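What follows draws every value from the coordinates through simple rules; no lab data is involved. Remember, it's a predicted structure, so these values are computed and weren't measured experimentally. FYI the Cβ positions are ideal-geometry reconstructions off the backbone, even for glycines, and counts take in every protein chain you see.
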Amino acid sequence: MGMEMSEEEKSASKPTSPQFIPKFKGKKVVIRLISGGQPVIGTIESFNPYEILLQTAKGQLLVFKHAIATMEVSDEPRGYKPGT
């Protein structure tokens, strides 16, 4: 007897959480780290569950997600409000 899981069990055992970072991929972002200091500006190249690979003016930078306080898209000009 195999210990195969049914499709229902597989989907029930792994809850899906909303994924926001895919919406930011390829966009220029400003990342502020929990430790403070200089904001990091770059374009998101790729990501995984723990890290984000950012292309900055100085080259590629690997940012750990747990170190990020805030992230915002910087493509829009300041004061830009979509839909107005």
> For the peptides 35-48, 54-67, what is the packing order when you average, over each peptide's residues, the other Cβ atoms within 10 Å and list the highest mean first?
Replying inline: 35-48, 54-67
> If amide H atoms are built 1.01 Å from N in the plane of the peptide, which residues on other chains or at least 5 residues away come under 5 Å of the amide H of VAL29?
Replying inline: GLY42, THR43, ILE44, SER74
>> Test of understanding: what is the full-extension gain from GLU51 to SER35, defined as 0.36 nm times their sequence separation minus their Cα-Cα distance?
In response: 4.1 nm
> Which whole-number percentage describes the relative contact order of region 18-73, with Cα contacts under 8 Å and a sequence gap of 6 or more?
Replying inline: 34 percent
> Roughly how large, in nm² to one decimal, is the mean projection of the convex hull of the alpha-carbon atoms in region 18-73?
Replying inline: 3.6 nm²
> Using a basic spin-label model with each label point 7 Å from the Cα along Cα→Cβ, how many nm lie between LEU62 and PHE20?
Replying inline: 2.4 nm
